[in-house]
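S.K.: Here's a structure for you.
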Amino acid sequence: AKAGEVRLAAARDFALAKKAVTDNLLAVTQLNRSNDELDALDDKAGLNCTPGSPGLERRGKLSSRGARSLHFTRPALSFDMIDMPSKIRPLPKLYIDIAIEGIQQRGRIVIELRPDKAPRLSENFTLLCTGEKGFGYSGCKVFRCLPGWWIQAGDFHTNDGEGGKAALEDEQIVAETTDLEARPGAVEMVCVGSNDRGSLMVASQFFIHVKKYSYTHVFAYVIEGLDLIQRLSQLGDGSQAYHPSQEITIVDSGRIQQT
């Protein structure tokens, strides 16, 4: 009689488990119990099972070959939560507003800096855009445009490529070499000489390229307004040392505040 009761209980529990199974493979949520409860089920129903850790989802399948049994697979690995910064700091961005002679509407260029690759070049360019040192790009001209290649600006002294200075401790700083891709929209400072160690020196003049080229001092990219840069480059007059045929002025520049 006792053996019959055990078989009856096993059949009842097996029917309940089978009802919870779809396509013979599923997450057996009804059996997501404590180890003690699963051990009791094993003793009572004669099912071959291996309980996982409490609180973890268990996956299993029913087998009808030989003795009926419910096989549990190994529970999924769990990982402790890794502390992550509450906010990833975005790359700094600057704007340069452009006015073209004879055109009422202004254009805006947005530049994204890479201080992780060129911290001093990025800092120098930022200070020149904001004018925090009492001088900078606001009011200076785009004085050279090579059609399909680049535009050149940043000489706020003479607007002809002979002037300008850095905004850091010296009037010229060493140009940091980077591995940033030389793609259209790349921003690079103009080399104005070299120091006694042979390092290239830069000040305030800069190029914005509209064509891929080989250079290794990229520190930023135009992320908005590259079409404007391309149009400006077409204004260069080859008979006038590629000075633009219409005056191009940086009327304002500065930081873009980011939340």
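The values are calculated or read from the model by the stated rules, or taken from the named source; none is laboratory data. Bear in mind that the values here come from a model prediction, so they are computed numbers and not experimental data. For neighbour counting, all protein chains shown are included, and Cβ atoms are generated from backbone atoms with ideal geometry for every residue, glycine included.
S.K.: Pull out all pairs, ordered by first then second residue, where Cβ-Cβ is under 6 Å, the residues are six or more apart or on different chains, the first lies in the stretch 125-142 and is within 11 Å of L168 (Cα to Cα), and the second is modelled with pLDDT of 95 or more and assigned to a helix (DSSP H, G or I).
M.R.: Between residues of the stretch 125-142 that are within 11 Å of L168 (Cα to Cα) and residues that are modelled with pLDDT of 95 or more and assigned to a helix (DSSP H, G or I), the close pairs are K133/L127.
S.K.: Quick one: which of G198, G193, G254 is exposed (fewer than 14 other Cβ atoms within 10 Å of the Cβ) and in a strand (DSSP E or B)?
M.R.: Result of the check over G198, G193, G254: G193.
S.K.: Of the residues S214, S245, which single one is without any contact (Cβ under 8 Å) to a residue 60 or more places away in the chain and in contact with a strand residue (DSSP E or B) (Cβ under 7 Å, 6 or more places away or on another chain)?
M.R.: Of S214, S245, the one residue that is without any contact (Cβ under 8 Å) to a residue 60 or more places away in the chain and in contact with a strand residue (DSSP E or B) (Cβ under 7 Å, 6 or more places away or on another chain) is S245.
S.K.: Specify the residue that is surrounded by the fewest Cβ atoms within 10 Å (Cβ to Cβ); the eligible residues are those in the stretch 104-115 that are out of contact with any helix residue (DSSP H, G or I) (no Cβ under 9 Å at 6 or more places or on another chain) and touching a residue at least 12 places away in the same chain (Cβ under 8 Å). Even if it seems obvious, please write down each step before you answer.
M.R.: Of the stretch 104-115, the ones out of contact with any helix residue (DSSP H, G or I) (no Cβ under 9 Å at 6 or more places or on another chain) are 104-106, 110, 112.
If we keep only those that are touching a residue at least 12 places away in the same chain (Cβ under 8 Å) as well, we get 106, 110, 112.
Details: R106: 13, V110: 15, E112: 17.
Of everything passing the filter in the stretch 104-115, R106 is surrounded by the fewest Cβ atoms within 10 Å (Cβ to Cβ).
S.K.: Considering only residues that are among the small types (G, A, S) and crowded, with 17+ Cβ neighbours inside 10 Å, which ones fall in the stretch 156-181? Working first, answer last.
M.R.: Restricting attention to the stretch 156-181, the residues satisfying the condition of being among the small types (G, A, S) are 161, 163-164, 166-167, 175.
If the condition is that a residue be among the small types (G, A, S) and crowded, with 17+ Cβ neighbours inside 10 Å, then G161, G164, A166, A167, A175 are the ones that fit.
S.K.: Say whether the condition of being buried (at least 16 other Cβ atoms within 10 Å of the Cβ), in contact with a strand residue (DSSP E or B) (Cβ under 6 Å, 6 or more places away or on another chain), of a type in the set (S, T, N, Q) and assigned to a loop (DSSP other than H, G, I, E, B) is met by at least one residue in the stretch 133-151.
M.R.: Within the stretch 133-151, one or more residues are buried (at least 16 other Cβ atoms within 10 Å of the Cβ), in contact with a strand residue (DSSP E or B) (Cβ under 6 Å, 6 or more places away or on another chain), of a type in the set (S, T, N, Q) and assigned to a loop (DSSP other than H, G, I, E, B).
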